[in-house]
Structures are given as C-alpha cells and as structure tokens.
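In what follows, a structure is listed as structure tokens, so that the remarks can point back to it.
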Amino acid sequence: MIIIRLVRHNDLLSDAIVADCYGDWTPWEASKEIAHAEAVMLGGTVIGAYAEGGVQERPLDYDHGNFKYEEFVGLPADADMTAKFEHYLRSPEVLGEKYDYTGLFEFAELAIEGHLRHHVFCSALVDDALRGCGYFPRPLPVPAHKINPLFLKQMLYARPDIVIMDRTSPVFLAHIAPKAGAVP
C-alpha cells in the first residue's frame, strides 16, 4: 500500500494555499481543507517538498502536531508498485530538489508560467511519484506542476478503492512500523 498524508499546518503559507485552492467555495466539511501533501514511507518517515529546504525525508512527527487537519489516504498498490514509488522519492535526483516558489503563481491563476525545471512543490512531488510507479491507469492530461493539493486530493478520492485513515488505523500502524533489521 502507498500512504499519502494530507495536512493543513498552522502557518501563513498553508492559509494562503487554502485560500487560493478553495477560493469562495466552502467544502462540505470546511474543517478538512488541506494545503500540503507528503508520502508516508514504509518504516515511518515522510518525504515531501517543503518551503524551507525543498524535498526532504523527515520524521513523521516533524511538525509536532502543529496542524489544523490531517488525514492519511491509503492507495492500493502491490509491493512492486510501492517499491517503485519509494525508490523514485528517495532517488538522488529527487531528494534535495528545490522548492518551486514561483510555480505557486499558477495556482493563483495569474496567467504567469512560473514553474522552474528541477523545482517542485508538495502535490506535484506526490503526483510525479504516483505517475512514475504506474498508479494512474491512464496518462494524465495535466502536468504535475499544475496539480495543487486540492486537485491531488480529488484525484485520489476519485478511486473507489482508497482507504481514508488516521494515526490509529491498524493499516497505518503496520505501514509505519520499523522494518526488521533497520538501524534506528
């Protein structure tokens, strides 16, 4: 299984992303507005694209619970697909990639093509990894750098076989359990 963490942190960048993604539209449950996506790796770390430092692998609790909302989306995937997903995210070409600040202009619909090559933001990173491991059954008509967190959530929710979970889910707990023989 592949697990994606969708979250809204308590910060101004998250507030700005939510305001842009959701605009005047209020979701059915406004408390579930998300602004960030990251991959939960087997063994309990996360990989995401962060405004402070670009693509990094961090401990699952790097934010110390400082968020307004959090959910985990489990995506059915066999061991081969999960391995490809994690391999992509941990590759030297991806880890350390710079954050795509100017690419965020495209979310604001300012008609500014701001995306920089070899720069990425959170939802584009997750989307790239899912495309790379073959998760989507067909090619997507939108480039990854145009996928904002809300769009990513909608793409994931469109599949009927996903599992929405929290930190107490047995599936989630098994996913983050330390691997046998791993060095702490």
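Below is a table of values for the structure above.
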| item | result |
| --- | --- |
| Residues located in the stretch 51-104, provided they are aromatic (Phe, Trp, Tyr) and either in contact with a Leu (Cβ under 9 Å, 6 or more places away or on another chain) or crowded, with 19+ Cβ neighbours inside 10 Å (or both) | Tyr69, Phe72, Phe85, Tyr88, Tyr99, Tyr101 |
| Cross-chain or 6+ apart pairs with Cβ under 6 Å, the stretch 164-178 first and closer than 17 Å to Gly65 by Cα, then of a type in the set (Asp, Glu) | none |
| Residue list for the stretch 120-150, filter: at pLDDT 85 or above and of a type in the set (Phe, Trp, Tyr) | Tyr135, Phe136 |
| Subset of the stretch 44-64 (residues that are farther than 21 Å from Gly103 by Cβ and in contact (Cβ under 8 Å) with a residue 60 or more places away in the chain) | Gly44, Leu60 |
| Qualifying positions in the stretch 65-79 - touching a residue at least 12 places away in the same chain (Cβ under 8 Å) and of a type in the set (A, V, I, L, M, F, W, C) | Phe67, Phe72, Val73, Leu75, Ala77 |
| Filtered residues of the stretch 135-169 (kept if surrounded by 12 or more Cβ atoms within 10 Å (Cβ to Cβ) and either among the small types (Gly, Ala, Ser) or in a loop (DSSP other than H, G, I, E, B) (or both)) | Tyr135, Phe136, Leu140, Pro143, Ala144, Ile147, Asn148, Arg159, Ile162, Arg167, Ser169 |
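The values are calculated or read from the model by the stated rules, or taken from the named source; none is laboratory data. Everything quoted here is computed from the prediction, not taken from an experiment. Positions of Cβ are backbone-derived with ideal geometry, glycine not excepted, and every protein chain shown enters the neighbour counts.
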